[in-house]
1. Which residue, of B:Ile158, B:Ile200, is assigned to a loop (DSSP other than H, G, I, E, B), outside the structural domain of B:Ser322 (by TED's automatic domain parsing) and buried (at least 16 other Cβ atoms within 10 Å of the Cβ)?
2. Taking the stretch A:84-104, which residues are among the aliphatic types (A, V, I, L, M) and either without any contact (Cβ under 8 Å) to a residue 24 or more places away in the chain or away from chain B (no Cβ under 14 Å) (or both)?
3. Quick one: in the stretch B:265-283, which of the residues that are more than 10 Å from B:Ala70 (Cβ to Cβ) and in a helix (DSSP H, G or I) is modelled with the lowest pLDDT?
4. Starting from the stretch A:51-63, take each residue that is within 7 Å of chain B (Cβ to nearest Cβ) and list its partners that are surrounded by fewer than 18 Cβ atoms within 10 Å (Cβ to Cβ) and assigned to a helix (DSSP H, G or I), counting only C-beta distances under 8 angstrom and pairs at least six apart or across chains.
5. Within the stretch B:231-247, how many residues are more than 11 Å from B:Asp170 (Cβ to Cβ) and either in contact with a Leu (Cβ under 6 Å, 6 or more places away or on another chain) or surrounded by fewer than 24 Cβ atoms within 10 Å (Cβ to Cβ) (or both)?
6. Could you check how many residues of the stretch A:138-165 are surrounded by fewer than 22 Cβ atoms within 10 Å (Cβ to Cβ), assigned to a loop (DSSP other than H, G, I, E, B), out of contact with any helix residue (DSSP H, G or I) (no Cβ under 8 Å at 6 or more places or on another chain) and aliphatic (A, V, I, L, M)?
7. Hey, can you tell me all the residues within the stretch A:10-49 that are surrounded by fewer than 16 Cβ atoms within 10 Å (Cβ to Cβ), farther than 19 Å from A:Lys151 by Cα and within 12 Å of chain B (Cβ to nearest Cβ)?
8. Determine whether the stretch B:335-342 contains at least one residue that is more than 10 Å from chain A (Cβ to nearest Cβ) and farther than 27 Å from A:Gln18 by Cβ.
Amino acid sequence: MIKLATFMPKYFNNNGDQGNIEVLAKQLQWRSVQYSVTSSEFADSDFLLVGDGSRAVMREFESELAAITDLVAERLRTGKATLLVGSAHEFFCSRLPGLPELNEAPRVSEHREVSFGDLRVFGYRNNEIDVNFFREQAFISTSLFGPILAKNENLLNIVLASMGVTSELPGVQQSSLVPVLQGVRSKALGS
Amino acid sequence: MISILAVAVGRIVRFIIRIFRRGGGSAFPGTVASSIAPNLLSDAIRSARKGLVVVSGSSGKSSTTQVLVALLRAHGYKVFTNPSTANIKQGLYAAILQFGDYRGHIEADFVVMEWDEGHGAALVESLHPRLAVLTNVYSDQLDRFVDPELVVEKLKKIYDHSDHAVINVDDKNLTQFVNPEKITGFGLSPSIQPRPSYAINFGPEPTFEPSVEVSKLGEKSLQVRVPERLLSFETKADAPHQALNLAAAIAAVSKLIEPDWALVEKTVSNLPPVFARDEIASVRGKDVRFLLCLNPTSFTHSLSEISDQTSPLMIMAGGDISDPSWLWTVDFSKLKHVNVVGGKNAYDLALRLMYQDVQVDKIILEADKAADAFLELSGPSPTVLFTADAMRRTRRYLGLAK
């Protein structure tokens, strides 16, 4: 049974970040892999999502975020499947050695493709920081909002593989998704 | 003299644009006119005898403005207003071009304007409204406003530079910054559920007794309590967020004039629907239901209004959505099947639908081709859900634009 964990999904869901949990759940369901979703037990989860929160949410839950810092640090050390988005990306980058140091940059609000090594990932950037993507194995920290796993099949496959899911997506879903993903990418990047 | 030139040039630009795009071209002529005569808007507004009333907030601006204008006109006042699609600075200038005289002067008692939050905050210092109606703050358009707290700042600026304000007292994003002496409140009775989901706010919750309260929601009817009276309305706008728009307009009219309450009830009950706010229009011999979905709240409401058997069904996500990620905050899972997914963000919408196991037949980016494909389909309940940009394009193509 694969355990998907998400931190305070009611509050850390600016821009539909919780869609990433839906994407993983559906991908597992399509492959007939058993899974559960929890918002309280993070320690032994196969995947952890901390989405983007508003300024009010970040102020209110700063201590709760701080309380999982050690846990996030351990996941970073081991490269375990984790996705930090937006304000969570900024929060942990400012506290965890091993994550990039962020500097202020002019605000950019647009779809953008970023490179990290051989990996190319696209999503919507809307912030004033200079580092928009970081990856250590399946540990991902990014300022690219929204359902990034839905849009980037390469990133999704890294996360699935890290959870031990290597089976192919059934043909019905695969054939439906491929042209749609191409369309999403073309529209976002204008190619 | 400069105003006459600005009006003339702006009107020529508008005329040329509308030759090629029927129903279009509201913003650019306004840009041209404002660059020639920056004072055109403020001069026009100052000519209104009873001053400027503005309506702003994340959602409900158009509906509230429409009802308020109708109520003032029903009481015999001349009202100048801007079309709902022209609530940004350029659009406000364009409205002067369209409805003002050759100098840009308007013949009106009241000017009632729907203001985009961002553009309104930039205009308010110079225009100084007599009354500001502030509807709500949602976690919406984050690609533009970044954070709801920045929307609050903009609305507070509008409030600070207005003589008086009509405020949704259910939304503490608004009540936290107001002075009780300077507001007239409206809200929902505590018994009405579900409540709208305003932007998350963990701050204090000041308590204000609303002067105008939606006391009961029925099937195509609602009741609103005003001081010493209970008003009854027949209306299709019977969802909580729609009832709040009506309450806002009633609170505003009660602040501006001495209303004839029987006339208020009659006027509201006879209001035509705003285009696509759950309107049925005849298109190519078919009665097609149109529902405008501006944000997650109205998308969710529109989905609750249609059957899971609706057929044929077209959903369109237009180019007004900069970042379609918010579509993932809408639950589409009640749907089994969407015949056509359209609009510039059609692929993003289709991706969202597929992850909720909703079957999608066709994905068509162009509004005209999507409309043609949809109208070829047979079925008992042709229905279109669309965002504002897709609505405008579809409306124009189908000849439903004025």
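1. After applying the criteria, what remains is B:Ile200.
2. Scanning the stretch A:84-104 gives A:Leu84, A:Ala88, A:Leu96, A:Leu99, A:Leu102.
3. Applying the first criterion (more than 10 Å from B:Ala70 (Cβ to Cβ)) to the stretch B:265-283 yields B:265-266, B:269, B:273-283.
With the extra rule that they be in a helix (DSSP H, G or I), the set shrinks to B:265-266, B:269.
Values: B:Glu265: 95, B:Lys266: 95, B:Ser269: 89.
Once the filter is applied, the top-ranked residue is B:Ser269.
4. Close Cβ pairs satisfying both conditions: A:Ser54/B:Glu149; A:Arg55/B:Glu149; A:Ala56/B:Glu149.
5. Qualifying residue count for the region: 11.
6. Counting residues in the stretch A:138-165 that are surrounded by fewer than 22 Cβ atoms within 10 Å (Cβ to Cβ), assigned to a loop (DSSP other than H, G, I, E, B), out of contact with any helix residue (DSSP H, G or I) (no Cβ under 8 Å at 6 or more places or on another chain) and aliphatic (A, V, I, L, M) gives 1.
7. A:Lys10
8. Yes, that holds for at least one residue.
The values are calculated or read from the model by the stated rules, or taken from the named source; none is laboratory data. Every value quoted in this text rests on a predicted model; they were computed, and no experiment measured them. Cβ sites come from the backbone with ideal geometry, for glycine too, and all protein chains shown count toward neighbours.
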